[in-house]
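The values are calculated or read from the model by the stated rules, or taken from the named source; none is laboratory data. Nothing here was measured: the structure is a model prediction, and the numbers come from that model. Don't worry about glycine lacking a Cβ; one is built from the backbone with ideal geometry, like all the others, and counts go over all protein chains shown. These area figures cover heavy atoms from the full protein model, side chains too; ligands, DNA and RNA do not enter into them. Shrake-Rupley method; radii C 1.70, N 1.55, O 1.52, S 1.80 Å.
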Amino acid sequence: MSLRNKILFTDKISNIRVIKAITQVADSENLKVFAVGGFVRDLILGREKNDLDVLVIGSGVDFAQSVAEKLGITNVNYFKNFGTAHFDYDNMNIEFVGARKESYDRNTRKPIVEDGTFEDDITRRDFTINTLAISLNKSDFGKLIDNCSGFTDIENKLIKTPLDPFKTFDDDPLRIMRAFRFASQLHFNVDESIMIAAKEMRSRLSIVSQERITDEFLKILSSPKPSIGLQLLFDSGVLENVFPEISIMAGVDQRKDYHHKDVFLHTLQVVDNICSETNNVWLRFAALVHDIAKPPTKKFVEGIGWTFHGHEDLGARMMKKIFHRMKLPLHQLEYIQKLVRLHLRPIALAKEEVTDSAIRRFVVDAGEDLEELIILCRADITSKNPIKVEKYLGNYERVMQKVRDVKERDQLRAFQSPVRGEEIMQICNLKPSKKVGEIKTAIEEAILDGKIGNNYDEAYKYLMIIKDQFLEN
Ligand code: ATP
Ligand code: MG
(Lines give C-alpha, C1' and ligand atoms only; values in the text may rest on other atoms or scores of the structure.)
(Ligands and ions follow the chains in the order given, each with its own letter.)
Protein backbone atom coordinates (compact mmCIF):
# COMPACT_ATOMS: atom_id res chain seq x y z
CA MET A 1 0.00 0.00 0.00
CA SER A 2 1.34 3.41 -0.85
CA LEU A 3 2.14 5.73 2.02
CA ARG A 4 -0.17 8.33 0.59
CA ASN A 5 -3.19 6.04 0.91
CA LYS A 6 -2.28 5.18 4.45
CA ILE A 7 -2.04 8.81 5.51
CA LEU A 8 -5.31 9.50 3.79
CA PHE A 9 -7.28 6.96 5.72
CA THR A 10 -5.51 7.52 9.02
CA ASP A 11 -6.66 11.13 8.73
CA LYS A 12 -10.13 10.01 7.84
CA ILE A 13 -10.62 7.75 10.84
CA SER A 14 -8.93 9.99 13.40
CA ASN A 15 -11.75 12.49 12.92
CA ILE A 16 -14.47 10.01 13.81
CA ARG A 17 -15.61 10.84 17.35
CA VAL A 18 -16.42 7.32 18.44
CA ILE A 19 -12.96 6.20 17.34
CA LYS A 20 -11.35 8.87 19.53
CA ALA A 21 -13.23 7.48 22.52
CA ILE A 22 -12.32 3.90 21.58
CA THR A 23 -8.62 4.81 21.45
CA GLN A 24 -8.72 6.50 24.83
CA VAL A 25 -10.59 3.71 26.59
CA ALA A 26 -8.43 1.01 24.99
CA ASP A 27 -5.22 2.71 26.05
CA SER A 28 -6.40 3.35 29.59
CA GLU A 29 -7.54 -0.28 29.96
CA ASN A 30 -4.47 -1.63 28.25
CA LEU A 31 -6.41 -3.48 25.56
CA LYS A 32 -5.55 -4.00 21.91
CA VAL A 33 -8.39 -2.90 19.62
CA PHE A 34 -8.85 -2.81 15.86
CA ALA A 35 -11.31 -1.68 13.24
CA VAL A 36 -12.01 -4.74 11.12
CA GLY A 37 -14.07 -6.25 8.33
CA GLY A 38 -16.30 -4.31 5.99
CA PHE A 39 -15.32 -0.96 7.46
CA VAL A 40 -11.65 -1.36 6.50
CA ARG A 41 -12.47 -2.90 3.13
CA ASP A 42 -14.81 -0.07 2.23
CA LEU A 43 -12.41 2.58 3.49
CA ILE A 44 -9.78 1.30 1.08
CA LEU A 45 -12.36 1.20 -1.69
CA GLY A 46 -13.45 4.74 -0.92
CA ARG A 47 -17.02 3.66 -0.13
CA GLU A 48 -18.57 5.62 2.69
CA LYS A 49 -19.66 3.35 5.45
CA ASN A 50 -21.82 3.76 8.54
CA ASP A 51 -21.03 0.36 10.04
CA LEU A 52 -17.96 0.02 12.19
CA ASP A 53 -16.85 -3.40 13.47
CA VAL A 54 -14.48 -3.21 16.42
CA LEU A 55 -12.35 -6.18 17.40
CA VAL A 56 -11.11 -6.29 20.98
CA ILE A 57 -8.48 -8.71 22.22
CA GLY A 58 -10.44 -9.40 25.38
CA SER A 59 -14.10 -8.96 26.21
CA GLY A 60 -16.02 -7.11 23.51
CA VAL A 61 -19.01 -6.72 25.80
CA ASP A 62 -17.08 -5.12 28.70
CA PHE A 63 -15.18 -2.87 26.34
CA ALA A 64 -18.38 -1.68 24.64
CA GLN A 65 -19.77 -0.86 28.05
CA SER A 66 -16.74 1.29 28.96
CA VAL A 67 -16.85 3.15 25.64
CA ALA A 68 -20.60 3.71 25.99
CA GLU A 69 -20.09 5.11 29.50
CA LYS A 70 -17.43 7.48 28.28
CA LEU A 71 -19.72 8.78 25.55
CA GLY A 72 -22.77 8.91 27.82
CA ILE A 73 -24.64 6.35 25.72
CA THR A 74 -27.27 4.37 27.60
CA ASN A 75 -28.82 2.51 24.74
CA VAL A 76 -26.48 -0.44 24.28
CA ASN A 77 -27.55 -3.87 23.03
CA TYR A 78 -25.63 -6.71 24.58
CA PHE A 79 -25.58 -10.16 23.02
CA LYS A 80 -23.74 -11.92 25.80
CA ASN A 81 -24.18 -15.38 24.23
CA PHE A 82 -22.37 -14.21 21.13
CA GLY A 83 -19.85 -12.06 23.00
CA THR A 84 -20.90 -8.99 21.03
CA ALA A 85 -22.43 -5.62 21.80
CA HIS A 86 -23.80 -2.84 19.66
CA PHE A 87 -24.77 0.82 19.86
CA ASP A 88 -25.47 3.73 17.53
CA TYR A 89 -23.52 6.96 17.74
CA ASP A 90 -23.29 9.90 15.32
CA ASN A 91 -25.27 8.02 12.66
CA MET A 92 -22.91 5.06 12.87
CA ASN A 93 -23.67 1.47 13.90
CA ILE A 94 -20.86 0.25 16.04
CA GLU A 95 -20.46 -3.42 16.75
CA PHE A 96 -17.95 -4.73 19.29
CA VAL A 97 -16.66 -8.27 19.31
CA GLY A 98 -14.05 -10.02 21.42
CA ALA A 99 -11.42 -12.01 19.51
CA ARG A 100 -12.54 -15.59 19.12
CA LYS A 101 -11.81 -18.94 17.70
CA GLU A 102 -14.56 -20.95 16.06
CA SER A 103 -15.10 -24.59 15.39
CA TYR A 104 -18.12 -26.10 13.71
CA ASP A 105 -20.53 -28.93 14.15
CA ARG A 106 -21.42 -30.26 10.68
CA ASN A 107 -25.17 -30.12 11.23
CA THR A 108 -25.62 -26.46 11.94
CA ARG A 109 -23.91 -23.28 10.91
CA LYS A 110 -23.71 -22.17 14.52
CA PRO A 111 -20.11 -22.24 15.65
CA ILE A 112 -18.71 -23.42 18.94
CA VAL A 113 -16.98 -20.27 20.13
CA GLU A 114 -13.94 -19.92 22.40
CA ASP A 115 -11.80 -16.91 23.25
CA GLY A 116 -9.03 -16.57 20.72
CA THR A 117 -6.08 -14.52 19.57
CA PHE A 118 -6.07 -11.77 16.96
CA GLU A 119 -4.83 -14.31 14.39
CA ASP A 120 -7.59 -16.79 15.28
CA ASP A 121 -10.19 -14.13 14.80
CA ILE A 122 -8.86 -12.89 11.50
CA THR A 123 -8.59 -16.32 9.91
CA ARG A 124 -12.14 -17.30 10.91
CA ARG A 125 -13.42 -14.52 8.64
CA ASP A 126 -15.04 -15.36 5.35
CA PHE A 127 -12.99 -13.65 2.63
CA THR A 128 -9.53 -12.13 2.45
CA ILE A 129 -11.02 -8.74 1.58
CA ASN A 130 -12.74 -8.88 4.98
CA THR A 131 -9.66 -9.88 6.98
CA LEU A 132 -7.95 -6.48 7.07
CA ALA A 133 -7.62 -4.69 10.39
CA ILE A 134 -6.56 -1.19 11.39
CA SER A 135 -5.07 -0.65 14.80
CA LEU A 136 -6.93 1.90 16.91
CA ASN A 137 -4.41 2.10 19.79
CA LYS A 138 -2.48 5.33 20.00
CA SER A 139 0.98 3.78 19.69
CA ASP A 140 0.31 2.38 16.21
CA PHE A 141 -2.89 4.21 15.28
CA GLY A 142 -3.91 3.64 11.69
CA LYS A 143 -1.53 0.74 11.07
CA LEU A 144 -2.99 -1.71 8.59
CA ILE A 145 -2.60 -5.37 9.47
CA ASP A 146 -2.92 -7.58 6.48
CA ASN A 147 -2.25 -11.22 7.37
CA CYS A 148 -4.05 -12.79 4.40
CA SER A 149 -3.10 -10.55 1.43
CA GLY A 150 -6.47 -8.87 1.59
CA PHE A 151 -5.11 -5.59 0.27
CA THR A 152 -3.79 -7.16 -2.93
CA ASP A 153 -7.09 -8.97 -3.40
CA ILE A 154 -8.96 -5.68 -3.07
CA GLU A 155 -6.62 -4.15 -5.64
CA ASN A 156 -7.17 -7.13 -7.93
CA LYS A 157 -10.91 -7.07 -7.27
CA LEU A 158 -10.89 -10.67 -6.19
CA ILE A 159 -13.03 -12.58 -3.68
CA LYS A 160 -10.96 -15.37 -2.13
CA THR A 161 -11.20 -17.34 1.11
CA PRO A 162 -8.35 -17.15 3.64
CA LEU A 163 -8.49 -20.93 4.12
CA ASP A 164 -9.36 -23.77 1.77
CA PRO A 165 -12.81 -22.79 0.43
CA PHE A 166 -14.07 -26.35 0.98
CA LYS A 167 -13.46 -25.87 4.69
CA THR A 168 -14.77 -22.30 4.71
CA PHE A 169 -18.02 -23.34 3.01
CA ASP A 170 -18.37 -26.58 4.93
CA ASP A 171 -18.18 -24.64 8.22
CA ASP A 172 -20.74 -22.08 7.14
CA PRO A 173 -22.42 -22.65 3.76
CA LEU A 174 -24.04 -19.20 3.86
CA ARG A 175 -20.60 -17.95 2.83
CA ILE A 176 -21.28 -19.31 -0.67
CA MET A 177 -24.10 -16.79 -1.00
CA ARG A 178 -21.98 -14.09 0.62
CA ALA A 179 -19.18 -14.61 -1.93
CA PHE A 180 -21.58 -13.95 -4.81
CA ARG A 181 -23.23 -11.09 -2.95
CA PHE A 182 -19.90 -9.30 -2.41
CA ALA A 183 -18.96 -9.90 -6.06
CA SER A 184 -22.21 -8.30 -7.13
CA GLN A 185 -22.04 -5.37 -4.71
CA LEU A 186 -18.39 -4.55 -5.36
CA HIS A 187 -18.18 -5.61 -9.00
CA PHE A 188 -15.43 -8.12 -8.08
CA ASN A 189 -14.55 -11.52 -9.49
CA VAL A 190 -14.64 -14.67 -7.40
CA ASP A 191 -11.59 -16.88 -7.37
CA GLU A 192 -11.83 -20.08 -9.40
CA SER A 193 -11.36 -22.12 -6.21
CA ILE A 194 -14.56 -20.59 -4.82
CA MET A 195 -16.50 -21.64 -7.91
CA ILE A 196 -15.19 -25.19 -7.67
CA ALA A 197 -16.04 -25.46 -3.97
CA ALA A 198 -19.45 -23.77 -4.39
CA LYS A 199 -20.39 -26.26 -7.12
CA GLU A 200 -19.56 -29.16 -4.91
CA MET A 201 -20.85 -27.83 -1.62
CA ARG A 202 -24.08 -26.20 -2.74
CA SER A 203 -26.36 -28.83 -1.24
CA ARG A 204 -24.92 -27.85 2.18
CA LEU A 205 -27.03 -24.70 1.92
CA SER A 206 -29.83 -26.88 3.26
CA ILE A 207 -28.51 -26.37 6.80
CA VAL A 208 -28.83 -22.58 6.45
CA SER A 209 -32.08 -20.88 7.39
CA GLN A 210 -34.17 -19.67 4.47
CA GLU A 211 -34.25 -16.14 5.93
CA ARG A 212 -30.46 -15.83 5.71
CA ILE A 213 -30.36 -17.18 2.15
CA THR A 214 -33.15 -14.87 1.05
CA ASP A 215 -31.47 -11.91 2.72
CA GLU A 216 -28.30 -12.50 0.68
CA PHE A 217 -30.35 -13.07 -2.45
CA LEU A 218 -32.13 -9.75 -2.00
CA LYS A 219 -28.79 -8.03 -1.40
CA ILE A 220 -27.67 -9.34 -4.78
CA LEU A 221 -30.83 -7.96 -6.30
CA SER A 222 -30.21 -4.61 -4.59
CA SER A 223 -26.66 -4.33 -5.94
CA PRO A 224 -25.84 -1.99 -8.83
CA LYS A 225 -25.56 -4.82 -11.38
CA PRO A 226 -27.39 -7.90 -10.10
CA SER A 227 -26.59 -9.93 -13.22
CA ILE A 228 -23.07 -10.40 -11.81
CA GLY A 229 -24.34 -12.23 -8.74
CA LEU A 230 -27.16 -14.01 -10.57
CA GLN A 231 -24.78 -15.31 -13.24
CA LEU A 232 -22.42 -16.61 -10.54
CA LEU A 233 -25.34 -18.29 -8.79
CA PHE A 234 -26.24 -19.92 -12.08
CA ASP A 235 -22.71 -20.92 -13.12
CA SER A 236 -22.06 -22.58 -9.78
CA GLY A 237 -25.41 -24.39 -9.83
CA VAL A 238 -26.40 -22.67 -6.57
CA LEU A 239 -29.36 -21.03 -8.28
CA GLU A 240 -30.84 -24.51 -8.74
CA ASN A 241 -30.85 -24.83 -4.95
CA VAL A 242 -32.06 -21.38 -4.03
CA PHE A 243 -34.36 -20.43 -6.92
CA PRO A 244 -34.86 -23.36 -9.31
CA GLU A 245 -37.62 -21.65 -11.31
CA ILE A 246 -35.12 -19.01 -12.44
CA SER A 247 -32.39 -21.54 -13.07
CA ILE A 248 -34.45 -23.55 -15.57
CA MET A 249 -35.06 -20.47 -17.69
CA ALA A 250 -31.61 -20.94 -19.20
CA GLY A 251 -31.10 -22.54 -22.59
CA VAL A 252 -32.62 -22.32 -26.02
CA ASP A 253 -34.55 -24.89 -27.97
CA GLN A 254 -34.11 -25.19 -31.68
CA ARG A 255 -36.72 -26.72 -33.98
CA LYS A 256 -36.38 -26.36 -37.70
CA ASP A 257 -35.58 -22.69 -38.17
CA TYR A 258 -37.17 -21.61 -34.95
CA HIS A 259 -35.38 -20.84 -31.76
CA HIS A 260 -36.31 -18.48 -28.95
CA LYS A 261 -34.29 -16.03 -26.92
CA ASP A 262 -32.60 -17.57 -23.90
CA VAL A 263 -35.08 -16.56 -21.20
CA PHE A 264 -32.45 -16.50 -18.44
CA LEU A 265 -30.12 -14.18 -20.35
CA HIS A 266 -33.03 -12.00 -21.37
CA THR A 267 -34.12 -11.82 -17.72
CA LEU A 268 -30.64 -10.82 -16.53
CA GLN A 269 -30.67 -8.00 -19.01
CA VAL A 270 -34.15 -6.84 -17.94
CA VAL A 271 -33.03 -6.84 -14.30
CA ASP A 272 -29.91 -4.81 -15.09
CA ASN A 273 -31.99 -2.44 -17.22
CA ILE A 274 -34.49 -1.80 -14.46
CA CYS A 275 -31.72 -1.19 -11.93
CA SER A 276 -30.72 2.00 -13.69
CA GLU A 277 -34.31 3.22 -13.23
CA THR A 278 -35.14 2.11 -9.68
CA ASN A 279 -33.68 1.09 -6.33
CA ASN A 280 -36.98 -0.46 -5.31
CA VAL A 281 -35.95 -4.06 -4.76
CA TRP A 282 -39.53 -5.29 -5.30
CA LEU A 283 -39.76 -3.72 -8.71
CA ARG A 284 -36.40 -5.36 -9.41
CA PHE A 285 -37.84 -8.63 -8.15
CA ALA A 286 -40.78 -8.24 -10.52
CA ALA A 287 -38.30 -7.87 -13.37
CA LEU A 288 -36.56 -11.05 -12.26
CA VAL A 289 -39.76 -13.12 -12.24
CA HIS A 290 -41.82 -11.52 -15.02
CA ASP A 291 -41.14 -14.42 -17.43
CA ILE A 292 -40.89 -17.12 -14.78
CA ALA A 293 -43.65 -19.18 -16.38
CA LYS A 294 -42.09 -19.24 -19.82
CA PRO A 295 -40.47 -22.65 -19.26
CA PRO A 296 -43.69 -24.37 -18.10
CA THR A 297 -45.81 -22.78 -20.88
CA LYS A 298 -43.36 -23.28 -23.74
CA LYS A 299 -44.88 -25.00 -26.76
CA PHE A 300 -43.86 -25.47 -30.35
CA VAL A 301 -46.64 -24.65 -32.77
CA GLU A 302 -46.23 -25.79 -36.35
CA GLY A 303 -45.98 -22.82 -38.70
CA ILE A 304 -45.74 -20.30 -35.87
CA GLY A 305 -42.77 -21.38 -33.79
CA TRP A 306 -42.29 -21.20 -30.03
CA THR A 307 -45.14 -19.85 -27.94
CA PHE A 308 -45.51 -19.09 -24.24
CA HIS A 309 -49.23 -18.71 -24.12
CA GLY A 310 -50.57 -17.58 -20.73
CA HIS A 311 -47.16 -17.26 -19.10
CA GLU A 312 -48.16 -13.98 -17.48
CA ASP A 313 -51.13 -15.55 -15.67
CA LEU A 314 -49.35 -18.72 -14.67
CA GLY A 315 -46.35 -16.66 -13.57
CA ALA A 316 -48.55 -14.58 -11.28
CA ARG A 317 -50.11 -17.75 -9.87
CA MET A 318 -46.67 -19.30 -9.22
CA MET A 319 -45.71 -16.42 -6.94
CA LYS A 320 -47.64 -17.45 -3.86
CA LYS A 321 -45.80 -20.72 -3.42
CA ILE A 322 -42.46 -19.09 -4.13
CA PHE A 323 -43.11 -16.31 -1.62
CA HIS A 324 -43.95 -18.85 1.06
CA ARG A 325 -41.01 -21.09 0.29
CA MET A 326 -38.49 -18.25 0.18
CA LYS A 327 -40.04 -16.52 3.20
CA LEU A 328 -40.45 -13.31 1.25
CA PRO A 329 -42.61 -10.61 2.85
CA LEU A 330 -46.20 -11.52 2.01
CA HIS A 331 -47.34 -7.91 1.85
CA GLN A 332 -45.35 -7.62 -1.39
CA LEU A 333 -47.04 -10.64 -2.99
CA GLU A 334 -49.98 -8.85 -4.53
CA TYR A 335 -47.76 -6.16 -6.05
CA ILE A 336 -45.47 -8.73 -7.68
CA GLN A 337 -48.43 -10.77 -8.92
CA LYS A 338 -49.97 -7.70 -10.44
CA LEU A 339 -46.82 -6.66 -12.30
CA VAL A 340 -46.27 -10.19 -13.61
CA ARG A 341 -49.89 -10.58 -14.68
CA LEU A 342 -50.00 -7.23 -16.46
CA HIS A 343 -46.55 -7.09 -18.02
CA LEU A 344 -47.85 -7.83 -21.52
CA ARG A 345 -50.91 -5.62 -21.35
CA PRO A 346 -49.26 -2.38 -22.49
CA ILE A 347 -47.89 -4.16 -25.59
CA ALA A 348 -51.38 -5.32 -26.44
CA LEU A 349 -52.71 -1.81 -25.95
CA ALA A 350 -50.07 -0.34 -28.22
CA LYS A 351 -51.42 -2.31 -31.14
CA GLU A 352 -53.61 -0.56 -33.69
CA GLU A 353 -56.98 0.67 -32.60
CA VAL A 354 -57.56 0.45 -28.90
CA THR A 355 -60.85 1.38 -27.34
CA ASP A 356 -61.16 3.76 -24.43
CA SER A 357 -62.70 0.98 -22.42
CA ALA A 358 -59.60 -1.21 -22.85
CA ILE A 359 -57.48 1.69 -21.60
CA ARG A 360 -59.87 2.25 -18.68
CA ARG A 361 -59.67 -1.38 -17.65
CA PHE A 362 -55.90 -1.20 -17.77
CA VAL A 363 -55.85 1.94 -15.60
CA VAL A 364 -58.15 0.33 -13.05
CA ASP A 365 -56.28 -3.01 -13.04
CA ALA A 366 -52.85 -1.40 -12.66
CA GLY A 367 -54.12 1.14 -10.13
CA GLU A 368 -51.39 2.99 -8.32
CA ASP A 369 -48.68 0.73 -9.77
CA LEU A 370 -49.16 1.84 -13.35
CA GLU A 371 -45.99 3.94 -13.59
CA GLU A 372 -43.91 1.10 -12.19
CA LEU A 373 -45.48 -1.35 -14.61
CA ILE A 374 -44.39 0.88 -17.47
CA ILE A 375 -40.87 1.04 -16.03
CA LEU A 376 -40.90 -2.77 -16.12
CA CYS A 377 -42.19 -2.83 -19.70
CA ARG A 378 -39.50 -0.43 -20.85
CA ALA A 379 -36.82 -2.50 -19.13
CA ASP A 380 -38.25 -5.57 -20.89
CA ILE A 381 -37.06 -4.22 -24.25
CA THR A 382 -33.77 -6.02 -24.83
CA SER A 383 -33.54 -5.90 -28.60
CA LYS A 384 -30.11 -5.00 -29.94
CA ASN A 385 -31.67 -3.29 -32.93
CA PRO A 386 -31.92 0.45 -32.16
CA ILE A 387 -34.72 0.94 -34.67
CA LYS A 388 -36.84 -1.67 -32.91
CA VAL A 389 -36.01 -0.25 -29.48
CA GLU A 390 -37.10 3.18 -30.68
CA LYS A 391 -40.33 1.73 -32.04
CA TYR A 392 -41.19 -0.18 -28.85
CA LEU A 393 -40.45 2.80 -26.63
CA GLY A 394 -42.66 4.89 -28.91
CA ASN A 395 -45.45 2.33 -28.48
CA TYR A 396 -45.37 2.68 -24.71
CA GLU A 397 -45.29 6.44 -25.05
CA ARG A 398 -48.46 6.23 -27.14
CA VAL A 399 -50.15 3.98 -24.59
CA MET A 400 -49.24 6.38 -21.80
CA GLN A 401 -50.59 9.29 -23.80
CA LYS A 402 -53.90 7.45 -24.21
CA VAL A 403 -53.88 6.70 -20.52
CA ARG A 404 -53.35 10.36 -19.69
CA ASP A 405 -56.17 11.36 -22.06
CA VAL A 406 -58.64 8.86 -20.65
CA LYS A 407 -57.65 9.63 -17.07
CA GLU A 408 -58.10 13.30 -17.61
CA ARG A 409 -61.54 12.70 -18.98
CA ASP A 410 -62.66 10.14 -16.44
CA GLN A 411 -60.58 10.80 -13.34
CA LEU A 412 -60.30 7.08 -12.84
CA ARG A 413 -57.58 6.88 -10.25
CA ALA A 414 -59.73 5.94 -7.29
CA PHE A 415 -62.33 4.29 -9.39
CA GLN A 416 -65.57 3.19 -7.76
CA SER A 417 -69.19 3.34 -8.75
CA PRO A 418 -70.38 6.92 -8.17
CA VAL A 419 -73.53 5.42 -6.64
CA ARG A 420 -72.25 3.79 -3.44
CA GLY A 421 -73.28 0.53 -1.77
CA GLU A 422 -75.23 2.32 0.98
CA GLU A 423 -77.42 4.06 -1.53
CA ILE A 424 -77.93 0.92 -3.61
CA MET A 425 -79.19 -0.81 -0.46
CA GLN A 426 -81.64 2.01 0.26
CA ILE A 427 -83.00 2.32 -3.27
CA CYS A 428 -83.35 -1.42 -3.78
CA ASN A 429 -84.38 -2.09 -0.23
CA LEU A 430 -81.61 -4.61 0.28
CA LYS A 431 -79.65 -5.70 3.33
CA PRO A 432 -75.84 -5.93 3.01
CA SER A 433 -75.45 -8.89 0.69
CA LYS A 434 -73.73 -10.29 -2.37
CA LYS A 435 -76.42 -8.76 -4.55
CA VAL A 436 -75.39 -5.22 -3.57
CA GLY A 437 -71.88 -6.00 -4.77
CA GLU A 438 -73.21 -7.44 -8.02
CA ILE A 439 -75.24 -4.34 -8.75
CA LYS A 440 -72.27 -2.10 -7.96
CA THR A 441 -70.02 -4.15 -10.24
CA ALA A 442 -72.60 -3.91 -13.03
CA ILE A 443 -72.53 -0.12 -12.77
CA GLU A 444 -68.72 -0.12 -12.78
CA GLU A 445 -68.60 -2.42 -15.80
CA ALA A 446 -70.97 -0.13 -17.70
CA ILE A 447 -68.66 2.81 -16.99
CA LEU A 448 -65.54 0.88 -18.00
CA ASP A 449 -67.26 -0.25 -21.20
CA GLY A 450 -68.12 3.36 -21.97
CA LYS A 451 -71.88 2.68 -21.98
CA ILE A 452 -72.37 5.45 -19.46
CA GLY A 453 -70.19 8.28 -18.20
CA ASN A 454 -68.27 8.15 -14.94
CA ASN A 455 -70.60 10.48 -13.01
CA TYR A 456 -73.36 10.26 -10.44
CA ASP A 457 -76.34 11.20 -12.62
CA GLU A 458 -75.66 8.67 -15.33
CA ALA A 459 -74.82 5.96 -12.77
CA TYR A 460 -78.10 6.66 -10.92
CA LYS A 461 -80.14 6.50 -14.11
CA TYR A 462 -78.44 3.26 -15.08
CA LEU A 463 -79.18 1.78 -11.64
CA MET A 464 -82.87 2.55 -12.16
CA ILE A 465 -82.82 0.69 -15.45
CA ILE A 466 -81.02 -2.43 -14.26
CA LYS A 467 -82.22 -2.83 -10.70
CA ASP A 468 -85.40 -4.81 -11.37
CA GLN A 469 -83.59 -7.36 -13.38
CA PHE A 470 -81.27 -7.95 -10.39
CA LEU A 471 -84.09 -7.98 -7.86
CA GLU A 472 -86.19 -10.46 -9.84
CA ASN A 473 -83.78 -13.36 -9.60
P1 ATP B 1 -21.77 -5.39 4.81
O2 ATP B 1 -22.01 -4.86 6.20
O3 ATP B 1 -21.52 -4.40 3.77
O4 ATP B 1 -22.78 -6.40 4.42
P5 ATP B 1 -19.50 -6.65 6.03
O6 ATP B 1 -18.20 -7.17 5.46
O7 ATP B 1 -19.39 -5.61 7.09
O8 ATP B 1 -20.38 -6.20 4.83
P9 ATP B 1 -21.03 -8.16 7.91
O10 ATP B 1 -22.02 -9.23 7.63
O11 ATP B 1 -21.48 -6.89 8.52
O12 ATP B 1 -20.26 -7.91 6.55
O13 ATP B 1 -19.92 -8.81 8.84
C14 ATP B 1 -18.81 -8.09 9.38
C15 ATP B 1 -17.53 -8.91 9.25
O16 ATP B 1 -17.68 -10.15 9.97
C17 ATP B 1 -17.20 -9.33 7.82
O18 ATP B 1 -16.41 -8.37 7.16
C19 ATP B 1 -16.47 -10.62 8.00
O20 ATP B 1 -15.12 -10.38 8.32
C21 ATP B 1 -17.12 -11.22 9.22
N22 ATP B 1 -18.20 -12.15 8.88
C23 ATP B 1 -19.53 -11.88 8.77
N24 ATP B 1 -20.25 -12.96 8.45
C25 ATP B 1 -19.38 -13.95 8.35
C26 ATP B 1 -19.49 -15.34 8.06
N27 ATP B 1 -20.66 -15.91 7.80
N28 ATP B 1 -18.37 -16.07 8.09
C29 ATP B 1 -17.19 -15.50 8.37
N30 ATP B 1 -16.99 -14.22 8.63
C31 ATP B 1 -18.07 -13.43 8.63
MG1 MG C 1 -21.16 -4.82 8.25
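Any idea how far apart LYS167 and GLN416 come out in nm if each label point goes 7 Å out from Cα toward Cβ?
6.6 nm
How many Å² of accessible area per residue for the chain, probe 1.4 Å?
51 Å²
Dipole magnitude of the stretch 254-410 about its Cα centre, charges +1 at Lys/Arg Cβ and -1 at Asp/Glu Cβ only, in debye to the nearest 20?
Roughly 600 debye, rounded to the nearest 20.
Here is the link list: LYS298/LYS402; LYS49/LYS101; LYS407/LYS435; LYS256/LYS294; LYS12/LYS80; LYS261/LYS388. Which ones come out longer than 22 Å on Cα distance?
Too far apart for the 22 Å limit: LYS298/LYS402; LYS49/LYS101; LYS407/LYS435; LYS12/LYS80.
How large a share of the accessible area of the stretch 421-471, in percent, is made up of carbon and sulfur atoms when the probe is 1.4 Å and the other protein chains stay in place?
50 percent
Cα gyration tensor of the stretch 3-155, axes a ≥ b ≥ c as square roots of the eigenvalues: rounded (a/c below 1.5), prolate (a/b > b/c) or oblate?
Verdict is oblate for the stretch 3-155.
Would you mind working out the magnitude of the charge dipole of the chain relative to its Cα centre, with +1 at each Lys and Arg C-beta and -1 at each Asp and Glu C-beta, to the nearest 20 Debye?
Dipole size: approximately 500 debye.
Quick check: pseudo-label points 7 Å beyond the Cα along Cα→Cβ at GLU390 and LYS320, how many nm apart are they?
Label at GLU390, label at LYS320, 4.6 nm between them.
What does the charge dipole of the stretch 421-471 about its Cα centre add up to, to the nearest 20 debye, if the Cβ of each Lys and Arg holds +1 and the Cβ of each Asp and Glu holds -1?
That gives the stretch 421-471 a dipole magnitude of about 220 debye.
If you take the charge dipole of the chain about its Cα centre, with +1 on Lys and Arg Cβ and -1 on Asp and Glu Cβ, which of THR123, CYS377, LEU344 is farthest toward its positive end?
Highest projection toward the positive end goes to LEU344.
Decide, for the stretch 320-462, between rounded, prolate and oblate: order the square roots of the alpha carbon gyration tensor eigenvalues as a ≥ b ≥ c, take rounded if a/c falls under 1.5, and otherwise choose prolate if a/b is larger than b/c, else oblate.
In terms of gyration-tensor shape, oblate.
What relative contact order, as a whole-number percentage, does the stretch 421-471 give when Cα pairs under 8 Å and 6 or more residues apart are counted?
For the stretch 421-471, the relative contact order is 31 percent.
Under 14 Å between alpha carbons, and skipping anything fewer than 8 positions from LYS434 in its own chain: which aspartates and glutamates qualify?
GLU422
If you take the charge dipole of the stretch 282-329 about its Cα centre, with +1 on Lys and Arg Cβ and -1 on Asp and Glu Cβ, which of LEU328, PRO295, GLY315 is farthest toward its positive end?
My answer, from the dipole projection, is LEU328.
With unit charges on the beta carbon (Lys/Arg positive, Asp/Glu negative), name the residue among VAL61, ASN429, PHE180 whose Cα is farthest towards the positive pole of the charge dipole of the chain.
ASN429
Between THR123 and LYS327, 0.36 nm times their residue separation minus their Cα-Cα distance comes to what?
Length gained between THR123 and LYS327: 70.2 nm.
Just list whichever of LYS157/LYS199; LYS225/LYS327; LYS110/LYS143 have alpha carbons separated by over 26 Å in the model shown.
With Cα atoms farther than 26 Å apart: LYS110/LYS143.
Give the lysines whose C-alpha is closer than 20 Å to that of LYS431, dropping any in the same chain fewer than 8 places away, or say none.
By straight Cα distance, LYS431 reaches LYS440, LYS467.
Taking loop as defined by DSSP and a crowding limit of 12 other beta carbons within 10 Å, which trypsin sites (Lys or Arg not before Pro) in the stretch 217-308 fit?
When the trypsin sites (Lys or Arg not before Pro) of the stretch 217-308 are filtered for loop state and at most 12 Cβ neighbours within 10 Å, LYS256 remain.
Can you bin the stretch 279-375 into rounded, prolate or oblate? Criterion: square roots of the alpha carbon gyration tensor eigenvalues sorted a ≥ b ≥ c, rounded for a/c under 1.5, prolate for a/b above b/c, oblate for the rest.
It is oblate, given that a/c is not under 1.5 and a/b is not larger than b/c.
Compute the distance from the alpha-carbon center of the stretch 310-356 to that of the stretch 194-251, in whole Å.
23 Å
Please report, as a whole percent, how much of the solvent-accessible surface of the stretch 254-410 comes from carbon and sulfur atoms (probe radius 1.4 Å).
It is 51 percent, rounded to a whole number.
Normalising by the residue count of the chain, find the relative contact order in percent from Cα pairs under 8 Å and 6+ residues apart.
After rounding, I find 8 percent.
Only helical DSSP H runs with n ≥ 4 go in: add -39500 (n - 2.57) per run for the chain, normalise by residue count and round the 222 nm mean residue ellipticity to 500 deg cm²/dmol.
Dividing the helical sum by the residues of the chain leaves -16500 deg cm²/dmol.
Using alpha-carbon pairs under 8 Å, 6+ residues apart, how would you state the relative contact order of the stretch 289-392 in percent?
Once divided by the residue count of the stretch 289-392, the mean separation gives 20 percent.
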